[in-house]
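The values are calculated or read from the model by the stated rules, or taken from the named source; none is laboratory data. Keep in mind that what you see is a predicted model, and the values were worked out from it rather than measured. Here Cβ is always computed from backbone atoms with ideal geometry, including for glycine, and neighbour counts include all displayed protein chains.
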Amino acid sequence: MASPQATETEIQTRVADLMSWMTVEEKAGQLTQYFTFPGVTEELENVETEVRAGRAGSLLFVSDAAEIDRLQHIAVEESRLGIPLLFAYDVIHGFRTAMPVPLALAASWDPSLAEDCQAIAAKEARSIGLHWAFAPMVDIARDPRWGRMIEGAGEDPFLGSAMAAAQVRGFQGDRIGAPDRVIAGPKHFAGYGASLGGRDYDEVDLSDSELWNIHFPPFKAAIEAGAGNIMSAYMGLNGVPASGNKWLLTDVLRAEWGFDGFVVTDAGAAADLETHHFAMDRPDAAVRALNAGVDMEMAPPFGGDAAFRSLPDALASGRITMDRLDEAVARVLTMKFRMGLFDAPFVDVAASERTLATAAHGDVALRAAERSAVLLRNEGGLLPLSRDIGSIAVIGPFADAARDTSGPWIFRQDDSETVTVLAGIRAAVGNGTRVDHSVGVSVPKRLHPSIFENPFLPPTPVIEVDDDAEIARSVALAQEAEVAVLVLGEAEVMIGEHASRSTLDLPGRQQELLDAVLATGTPTVLLVMTGRPLDFKGAQPTAQMMIWYPGTRGGEATANLLFGDAVPGGKLPYNWPRNIGQIPLPYAHLRSFKPEETEMRYWNEPNGPLYPFGFGLSYSSFDYANLRLSSDCIAVGQSVEVSVDVTNTGVRAAEEVVQLYIHQRYGTAARPVRELKGFNRIALAPGETRSVTFPLTPDRLRYWSSATRGWVQEPTTFDIFVGGSSQGGLATVLKVDALA
Ligand code: NOJ
């Protein structure tokens, strides 16, 4: 019998042997993943029937250890061949211990932190019997109306690739089947982040240049890091639905990148090929998905019929081949063997309890929340606050909202374990400090209900107040306090999947609350709980910090930042527009016939962002000096080193994210004004200077050219910039000669 340590040859022998016993119906079954959803018993009975009959290869959304164990016993003991099930789940930023949301982890610019967080998520998930996380989401997002921006690493392919690879390593460890780890499933292949108008699930049209240079790199990085699975996207890409797109799923993924794991569709995306009016009917949809390169269908949610049930008929009528069917089945079974499921399919329910929400996991969540916060304003050095401050008014609908503090896409948390901002501040100050609290305004509501209300926990408490009276009370509290701390943003159901918005305004009456509190003149710290840039209509709080959805220990982390036990060091993973009309506004845009330095693009609005990509303040300050290249001139194919000296010129130990950008001055195609090509988050003691060196290798100097329709590295001149954001910094010039 194969074991997790079995060699690949042993595994392939075992897979071939098993497949020789399988009926066509059982093969189609291995390629089908069924949804289960709490409270939908009829569905569960259907699922059990399918498992018993050997017509299900995988289940998703079962997330209770005893239930996973029970269903696995049915598969192993009651189905004809006893093939164990793969259990999959959306483990996006933690299972029980909520880490900051993925966009926040990207804002830490610390891939090793993201790796640590996902390793803990994997450990908790694996302990309850899960084998596979539908994560990381590696879609590049340049339109903040799109709610799913929060699940990714923001707008940049270089940062996105680093975060993608780190998360895959976190989920999987050094190999598929490593103890306490799960299979990673980077998603959604490909281009989902560019949906028209930021509307979720809408069509996507992207040029080849955008695909190869911007949207593909994080997927490629995830695959190079060993990802065992890829999820195909819902929407149409350039007119062909992604989940029936052979160019994507076979030509690019397999032929170009050599991906050897398995491809699953997004939920119902195979059957949806019919909805797209691409496939004639559902059986045709199954044929098209399989033939395009899908290996497993995630069945439509809520009891929907799996399209892959019709694969045996498709085989009989010659619309699919046995070879293609076998190829897909072998990929799925190989994963099951690599995960060791044939040796150890069951769950140690008691042990799982000891693994969830340990203090050590919470400590990583705390560190992650501290490291991902981004300080945007700090007029007069208001922050950090003194712990001995006499009084603080903590105001806002998210100041004491545990569910929102955990963020979207986490379902199995325990709200009582979550530290809110209010609780964090209360615990941090001494007895001499008075802390008053008001919710400020009712928690705003969505126009349409979310399909993502947590199915496992009681509904989020509805907080409804008399807004006028509560705003007046908040103003009174702010007037009496030495400092007001406002916690505003978006409820967690307002962001994530099925949560796009047509505005970046603060939902509900929060803007009125903000303006009223600022009008008191009391120094005010605005803490923003969300995962996209918002438009505060020019309001100028004394200090402002993005805390994102900071997770289980988020409130404690926020208090540590407010009182200076932690120093903010995060940087924005996206350009922050001045208003919604500027979207999309990527920092890495092309020049034009009238460069933006000389020409206003709108007559009513400056060209640039409110805050640039890569921006974030510290309680300290940094000086950059002595930018140098190991050689001013290289030949195509050669590497160069870029070095700079960074000094902490403040009085506090602090961290700075040193960033390297390039701009190619001429070539077969025009290139962006700046492109990130290196970063390094460094810690510096007060007065300390460190030299930071970045390799600039040929793969960082090349790009996919629309002119030559391929990857090129060209003789040209590059501007090289190094600094603490995508604007300003030190500059030098690198010449690249043709090969002699
Ligand atoms: C749909 C989402 O698009 C995908 O990201 C998720 O993994 C599946 N549903 C399963 O919940």
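See the values below:
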| quantity | calculated |
| --- | --- |
| Yes/no for D208 being in contact with a Leu (Cβ under 6 Å, 6 or more places away or on another chain), acidic (D, E) and either closer than 27 Å to D699 by Cα or within 15 Å of the ligand (Cβ to nearest atom) (or both) | no |
| Candidate set from the stretch 414-465 (those that are without any contact (Cβ under 8 Å) to a residue 24 or more places away in the chain and in a helix (DSSP H, G or I)); member that is nearest to the chain's Cα centre (by Cα) | S416 |
| Of residues in the stretch 660-695 being among the small types (G, A, S) and in a strand (DSSP E or B), the one surrounded by the most Cβ atoms within 10 Å (Cβ to Cβ) | G678 |
| Condition check for S243: within 15 Å of the ligand (Cβ to nearest atom), in a helix (DSSP H, G or I) and not assigned by TED's automatic domain parsing to the domain that holds S706 | yes |
| Residue count, the stretch 37-49 (criterion: buried (at least 21 other Cβ atoms within 10 Å of the Cβ) and more than 16 Å from the ligand (Cβ to nearest atom)) | 0 |
| The stretch 696-715 - residue that is under 29 Å from D645 (Cβ atoms), of a type outside the set (A, V, I, L, M, F, W, C) and touching a strand residue (DSSP E or B) at 6+ places or on another chain (Cβ under 6 Å) and, of those, surrounded by the fewest Cβ atoms within 10 Å (Cβ to Cβ) | R702 |
| The stretch 221-238 residues that are assigned to a loop (DSSP other than H, G, I, E, B), paired with ones that are of a type in the set (V, I, T) and within 16 Å of the ligand (Cβ to nearest atom) (beta carbon under 7 Å, 6 or more apart) | A225/V168; G226/V168; A227/V168; G228/I183; M235/V204 |
| Of the criteria (1) buried (at least 24 other Cβ atoms within 10 Å of the Cβ); (2) part of a loop (DSSP other than H, G, I, E, B); (3) more than 15 Å from the ligand (Cβ to nearest atom), which one D139 fails | (3) |
| Residues located in the stretch 57-84, provided they are away from the ligand (no atom under 16 Å from the Cβ), under 33 Å from the mean Cα position of the chain (by Cα) and without any contact (Cβ under 8 Å) to a residue 60 or more places away in the chain | E67, R70, L71 |
| Where a residue in the stretch 264-278 is farther than 17 Å from G185 by Cα and its partner, wherever it lies, is hydroxyl-bearing (S, T, Y) and near the ligand (Cβ under 9 Å from one of its atoms), with Cβ under 7 Å and at least six apart | D272/Y234 |
| Breaking point among (1) of a type outside the set (F, W, Y); (2) buried (at least 16 other Cβ atoms within 10 Å of the Cβ); (3) more than 16 Å from the ligand (Cβ to nearest atom); (4) under 18 Å from P84 (Cβ atoms), for T32 | (3) |
| Test: residue in the stretch 393-411 that is in contact with a helix residue (DSSP H, G or I) (Cβ under 9 Å, 6 or more places away or on another chain) and under 30 Å from I74 (Cβ atoms) | yes |
| Residue count for the stretch 189-217, restricted to those that are in a loop (DSSP other than H, G, I, E, B) and either among the polar types (S, T, N, Q) or within 16 Å of the chain's Cα centre (by Cα) (or both) | 6 |
| When residues of the stretch 175-188 are limited to those that are of a type in the set (K, R) and in a loop (DSSP other than H, G, I, E, B), the one farthest from the ligand (Cβ to nearest atom) | R175 |
| Test set (1) closer than 28 Å to Q413 by Cβ; (2) touching a residue at least 24 places away in the same chain (Cβ under 8 Å) - S502 fails condition number | (1) |
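Matching residues to (1) in contact with a strand residue (DSSP E or B) (Cβ under 7 Å, 6 or more places away or on another chain); (2) away from the ligand (no atom under 16 Å from the Cβ):
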{"site": "I120", "(1), (2)": "no, yes"}
{"site": "D143", "(1), (2)": "no, yes"}
{"site": "I150", "(1), (2)": "no, no"}
{"site": "G160", "(1), (2)": "no, yes"}
{"site": "A190", "(1), (2)": "yes, no"}
{"site": "S195", "(1), (2)": "yes, no"}
{"site": "D202", "(1), (2)": "no, no"}
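Matching residues to (1) under 20 Å from L385 (Cα atoms); (2) polar (S, T, N, Q):
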| position | (1), (2) |
| --- | --- |
| G555 | yes, no |
| D565 | yes, no |
| Y574 | no, no |
| Q582 | no, yes |
| E596 | no, no |
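Each row is one residue, and each column tells you yes or no for (1) at pLDDT 95 or above; (2) within 16 Å of the ligand (Cβ to nearest atom); (3) touching a Cys at 6+ places or on another chain (Cβ under 9 Å); (4) not in a helix (DSSP H, G or I).
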| site | (1), (2), (3), (4) |
| --- | --- |
| L249 | yes, no, no, no |
| L253 | yes, no, no, no |
| G258 | yes, no, no, yes |
| L273 | yes, yes, no, no |
| A279 | yes, no, no, yes |
| D284 | yes, no, no, no |
